[in-house]
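Novice: My structure is below; once you've seen it, I'll send some questions.
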Amino acid sequence: MTSFTVLGPITLDRDGVVTAPTAAKPRALLALLLVNANRSVSVERIVDELWPNDPPETAAKAVQTYVSQLRALMGDARLELRGSGYRLAVGEEELDAVRFKRLVSQAQAELGAGDRTSARATLGTALDLWTGSALEDVAAPFVAAEAAHLEEMRLEALELQLECDLDAGHHAAAAAELERLVELHPHRERLVELAMLALYRSGRQAEALALYRRGRARLVDELGLEPSRRLRELEQAVLRRDASLDVSSQLASPAQPPTASLHRHLWPIAAALVLAGLIAGAAFVLYDRGGNRAATTSPQPDPGLHAFVAKIEGLVVQSRDGRRAIASIVAGASTCRLPARRALVSLATVERNRQSLLDQLAALTIPSGDEALTVAQRLQRAIQLSISSDWHYREWLTGLIGSCSSKLASASLASAQVGDRQATVAKQSFVDAFDPLARRFGERTWTASEL
């Protein structure tokens, strides 16, 4: 039996013998084939990925050597020659990342059925599959997007596990882990919310409020954004020691918990406030962890809000296409395969499309209520930061005209990369606000790495 791991260092387990390619290039090739498991990867692409800057003339022959080395580890039949490329056959249970995703889905179904104990155990099994950072020993540009996606899923599973701990009353232990995670991911509002609740329930009201103030300062200073309505309401609830924050109150009314936001990103803090009409006219449908519709007092969602969400989905798809285009432009220019002048033409198209996104967003009718306004403001901020980053890429590409290889590294490129990171933080903030609305209306959800 053979299995592979990517949730940490890349390894291959064949009949109980764990091994991995020791050299960097064969290890990167195995990672590339696993990321594209059961799909043919052309030799041309393999060369581009393994030698992104200056492939040697013998690159194709070197790839054949690396393939032979991998076949010696896993067997000839598993790594097939398909047309002009290679295909690695991997069964559904043979890759740890696939098992991880299956277990997380199982835990969500268990939560949907109200079985929090089983869900907590299943999430523990899923998280135990991780032995480090995703693909941590592969230093190749192509792994960045896949690693970011896997790390996002890991963080979401951790959040689910910690929510189960809070539901079970393990507040002090959860608070320590949540404080650590907030330091690592200070803009992730869901973590801030969970940490505030854990601290409050541990008798640390002042620390919960201090955590909110630090989080707000970061959002305002770095992104020009205010915390979501849900976080602001949680701060007020903590200030007045609202009884709805107690775990006993939550467990007494599971269908409409005062802290329902713990079970869906960016839901209102107290169902009682919703029932009182503070979200005027915004009828909503609450979904449990498994995506099943739960009983609510508002049988029909707000059609105006649904239309808004559908239009935002369209804008997000366009934003995703822009990210892909920029990645392609940078990859081509970085290897000098894409002439700088052609890259600038492609970049101009991306810039026009981004400006069009801002125009479309400005023309949208935004329904009343804080949720839709927060989504629109955060998407606008993310697009603006992406446009700012594009300008630095333009400066970098302009400097490559006529002498590509001598100017691949520059201050403009570094500034563009910093801008990309800032834009990604803003996109995460947008996703935090948008995904709960998308789930409410059965639309697609997103991760920051996709936009």
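The values are calculated or read from the model by the stated rules, or taken from the named source; none is laboratory data. Quantities reported herein were computed from a predicted structural model and do not represent experimental measurements. As a convention, Cβ positions derive from the backbone with ideal geometry for all residues, glycine included, and neighbour counts pool all protein chains shown. For accessibility, only protein heavy atoms count, side chains too; no ligands or nucleic acids. Shrake-Rupley method; radii C 1.70, N 1.55, O 1.52, S 1.80 Å.
Novice: If the only charges are +1 at each Lys and Arg Cβ and -1 at each Asp and Glu Cβ, what is the size of the charge dipole of the chain around the Cα centre, to the nearest 20 debye?
Specialist: Magnitude of the dipole: close to 840 debye.
Novice: Roughly what angle does helix 171-184 make with the longest principal axis of the chain, taking Cα atoms, 0 to 90 degrees, to the nearest 10?
Specialist: Helix 171-184 sits at roughly 50 degrees to that axis.
Novice: Per residue, what volume in Å³ does the Cα convex hull of segment 84-194 take up?
Specialist: Taking the convex hull of the Cα positions in segment 84-194, it is 135 Å³ per residue.
Novice: Okay, next question. Quick one: in segment 156-251, what % of C-alpha pairs are over 22 Å apart?
Specialist: More than 22 Å apart: 21 percent of the Cα pairs in segment 156-251.
Novice: Any idea of the accessible area per residue across the chain, 1.4 Å probe, to the nearest Å²?
Specialist: It amounts to 44 Å² per residue over the chain.
Novice: Taking all protein chains as present, what is the carbon and sulfur share of the accessible area of segment 306-438, in % to the nearest whole number, probe 1.4 Å? The partial results should precede the final answer.
Specialist: Working: 3200 of 5840 Å².
About 55 percent, which is the carbon plus sulfur part of the accessible surface.
Novice: For the chain, what does -39500 (n - 2.57) per DSSP helix run (n ≥ 4), summed and divided by total residues, give at 222 nm, in deg cm²/dmol to the nearest 500?
Specialist: On the way: 16 runs with 270 residues, N = 451.
Here the helix-only value at 222 nm equals -20000 deg cm²/dmol.
Novice: Over the Cα atoms of segment 2-53, what radius of gyration and what Dmax do you get, in Å?
Specialist: For segment 2-53, the Cα-based Rg and Dmax read 11.8, 38 Å.
Novice: Another question, then. By how many degrees, between 0 and 90 and to the nearest 10, does the Cα long axis of helix 24-35 differ from the longest principal axis of the chain?
Specialist: Long axis of 24-35 versus the principal axis of the chain: about 50 degrees.
Novice: Then there's this: Among the aspartates and glutamates, which fall within straight-line cross-link reach of K101, defined as a Cα-Cα distance under 14 Å, with same-chain neighbours fewer than 8 residues apart omitted?
Specialist: E92, E93, D128, E146, E151, E152, E156
Novice: Note down, for segment 357-451, the three equivalent ellipsoid semi-axes (square root of 5 times each alpha carbon gyration tensor eigenvalue), biggest first, whole angstrom.
Specialist: 34, 13, 10
Novice: Just order 361-367, 193-199 by mean Cβ neighbour count inside 10 Å, highest at the front, would you?
Specialist: My ranking of the peptides, most packed first, is 193-199, 361-367.
Novice: May I pose another question? Rounding to the nearest 10 and keeping the result within 0 to 90°, find how far the Cα-based axis of helix 229-239 lies from the longest principal axis of the chain.
Specialist: 50 degrees
Novice: If you plug each phi of segment 56-63 into the Karplus form 6.51 cos²θ - 1.76 cosθ + 1.60 with θ = phi - 60°, what whole-Hz ³J(HN,Hα) values come out, in order, with x for Gly and Pro?
Specialist: Going residue by residue, I get x, 5, 8, 4, 4, 5, 5, 4 Hz, with x marking Gly and Pro.
Novice: How big is the equivalent ellipsoid of the chain along its three axes, where each semi-axis is √(5λ) from the Cα gyration tensor, reported in whole Å from largest to smallest? Before the final figure, lay out the partial values.
Specialist: Details: eigenvalues 336, 170, 73 Å².
After scaling each eigenvalue by five and taking roots: 41, 29, 19 Å.
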